[in-house]
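Here the structure is laid out as structure tokens; the discussion comes afterwards.
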Amino acid sequence: MTTFVDRVELHAAAGNGGHGCASVHREKFKPLGGPDGGNGGRGGDVVLVVDQSVTTLLDYHHSPHRRATNGQPGAGDNRSGKDGQDLVLPVPDGTVVLDKQGNVLADLVGQGTTFIAGQGGRGGLGNAALASARRKAPGFALLGEPGEARDVVMELKTVADVALVGYPSAGKSSLISVLSAAKPKIADYPFTTLVPNLGVVTAGSTVYTIADVPGLIPGASQGRGLGLEFLRHVERCSVLVHVLDTATLESDRDPVSDLDVIEEELRQYGGLDDRPRIVVLNKIDIPDGQDLADMIRPDLEARGYQVFEASAVARTGLKELSFALADIVAKARAAKPVEEATRIVIRPKAVDDAGFTVVQEEDGLFRVRGEKPERWVRQTDFSNDEAVGYLADRLNRLGVEEQLMKAGARTGDGVAIGPEDNAVVFDWEPTMMAGAEMLGRRGEDHRLEAPRPAAQRRRDRDAERDDAQREYDEFDPF
């Protein structure tokens, strides 16, 4: 049964915004109560938050689909809908969030660090909020905006100062168990360690974390064994410690060749050339191990390595090793730039930035892209003629018609607003008229050539009534 997961794909879906309400206040003796439709509630966000008590991404391995709640629709009597509840997902310290193409979206380090994986949709405005001096009683409301749905990849990179690397059964877990209070699983067979173990070491006034990287064997950087899965856990470390087994029973291995193999795997993985190295000759409590350590130590020091001899069983050489690691970690921390408080950067929009673009595609279609036009289209109820007319007015005020004319658009040309996979396409009918002179009955707009059947029936009844009234007025029996 899987107990440790450090890479998962999360399918995050934020909540949809609630629809606005189109309502007219109705009360006895108040025939002109006016619009009182409330606004829809905001959809909930999907938020990733660093939690120090969480050490694995196992929960998201079993349940990768996460959805926040939707906002509630508005109601009459100016009652706004309830906002959707944010879905807060705790993740381990050191989690990196990437998109499907591998681009880093966020590096979550530090308790409480947050990242919005899915943005909740805006709630639609009710007709009370849409009322104006020209449109006193709108017969429509705006729809709620759909919530953002995004697939992200989460990778856990352990936040440790020191990383122990080496062949399986070299004694990495044993060293952690005696240097810190960690209690990893220890046995005399390969691949005992299946998950990175973390321990906290105190050396003088310096406190640092130490981790072992399991499963490093030849070919690990290409995916052989478990090494590729756990090499990412050494990326944040300040120092790499090669743990070499001086008492190996395999005839085709020796500590120097083991060191060369691990260094080659680290080189192929990349990004670790600047980390200082320390070599620990482990298991010197065995007589043959001490003899072999004496033989190879001059060779390793000639290569420029700082070499320590240690025994986790006899507990020898541990104090010198821990203080040497503390010194390197302290220097690395001192060399890091001082973290400054996050500055709020205000970038005003350029004077010539209209907030949208108009591009003519190869097939002659004119495509409009921009945050406002696309959002307005998503929030428009196209079954309501007045809502469509309101959208036309907004696009006209934004300057879309003017840009279409400059781009060479003519009457009847196709215009698409939005991305290719989800765009609204219509035949362009240019008009520079907008305002109260274009308004008809509630829910209607005279600029639309194809009104709804119910609206047409109302017009026919009104015309018949007017004709009957005119005939009556013209009839004079005396």
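If you find the alpha carbon centre of region 303-334 and of region 41-102, how far apart are they in angstrom?
Region 303-334 and region 41-102 have Cα centres separated by 43 Å.
Taking the Cα centre of region 1-81 as origin, sum charge times position over the Cβ atoms of Lys and Arg (+1) and Asp and Glu (-1), and report the length of that vector in debye to the nearest 20. Display every interim value, and only then the final one.
Working: 8 positive and 8 negative charges, 94 e Å.
For region 1-81, the charge dipole is close to 440 debye.
Points 7 angstrom from Cα along the Cβ direction at R394 and R253: gap in nanometres?
6.7 nm
Tell me the chymotrypsin sites (Phe, Trp or Tyr not before Pro) within region 362-397 that lie in a loop according to DSSP and have at most 16 other beta-carbon atoms within 10 Å. Let's see the in-between values first.
On the way: sites: F366, W376, F382, Y390; in loops: F382.
Counting only loop positions with at most 16 other Cβ atoms within 10 Å, the chymotrypsin sites (Phe, Trp or Tyr not before Pro) in region 362-397 are F382.
Setting aside same-chain residues fewer than 8 positions from K28, which lysines have a Cα under 28 Å from its Cα?
Counting by Cα, and skipping residues close in sequence, K28 has these lysines nearby: K136.
Carbon-plus-sulfur fraction of the accessible area of region 3-139, 1.4 Å probe, in percent? Kindly include the intermediate steps, with their values, before the conclusion.
Working: 3440 of 6990 Å².
So the carbon and sulfur contribution to the accessible surface is 49 percent.
What FRET efficiency would be calculated for the residue pair M295, R333, taking the C-beta separation as r and a Förster radius of 60 Å, to the nearest 0.05? Walk me through the intermediate numbers first.
Numbers: r = 36 Å, r/R0 = 0.60.
Efficiency computed from Cβ-Cβ geometry: 0.95.
Compute the relative contact order of region 51-146 as a whole-number percentage, counting only Cα pairs closer than 8 Å that sit 6 or more residues apart in sequence. Don't jump to the answer; show the numbers that get you there.
Details: 112 pairs, mean separation 20.1, N = 96.
Relative contact order here is 21 percent.
Which trypsin sites (Lys or Arg not before Pro) in region 27-74 sit in a loop by DSSP (not H, G, I, E or B) and have at most 11 other Cβ atoms within 10 Å of their own Cβ? List each step's numbers first, then the result.
Values: sites: K28, R42, R66, R67; in loops: K28, R42.
In loop regions of region 27-74 (DSSP not H, G, I, E or B), the sparsely surrounded trypsin sites (Lys or Arg not before Pro) are K28.
Exactly which GluC sites (Glu not before Pro) in region 249-317 are in a DSSP loop and have at most 15 other Cβ atoms within 10 Å? Don't skip to the answer; put the middle values down first.
Details: sites: E250, E263, E264, E265, E301, E309; in loops: E250.
Hits after loop and neighbour filter: E250.
Mind checking the per residue accessible area of region 254-381 for me, 1.4 Å probe, whole number of Å²? Before the final figure, lay out the partial values.
Numbers: 7990 Å² over 128 residues.
Accessible area per residue: 62 Å².
Nearest 0.05, what FRET efficiency do R470 and A137 give at R0 = 35 Å with Cβ-Cβ as r? List each step's numbers first, then the result.
Details: r = 28 Å, r/R0 = 0.81.
Once rounded, the FRET efficiency stands at 0.80.
Nearest 0.05, what FRET efficiency do V49 and D460 give at R0 = 60 Å with Cβ-Cβ as r?
On the way: r = 61 Å, r/R0 = 1.01.
So, using R0 = 60 Å, E works out to roughly 0.50.
For K157, give me every one of the lysines with a C-alpha distance below 30 angstrom, ignoring sequence neighbours fewer than eight places off in its own chain.
The reachable lysines, counting only those whose Cα sits under 30 Å from K157, are K100, K172, K183, K185, K283, K319, K331, K336.
Starting from the Cα gyration tensor of region 1-157, multiply each eigenvalue by 5, take the square root, and state the resulting semi-axes largest first in whole Å. Intermediate values should be presented prior to the final figure.
Values: eigenvalues 374, 34, 26 Å².
Value: 43, 13, 11 Å, ordered largest first.
The values are calculated or read from the model by the stated rules, or taken from the named source; none is laboratory data. Note that the structure is a prediction, hence the values are computed from the model and not measured. All Cβ positions, even for glycine, are placed from backbone atoms using ideal geometry, and neighbour counts span all protein chains on display. The area values use the complete protein model at the heavy-atom level, side chains included, leaving out ligands, DNA and RNA. Shrake-Rupley method; radii C 1.70, N 1.55, O 1.52, S 1.80 Å.
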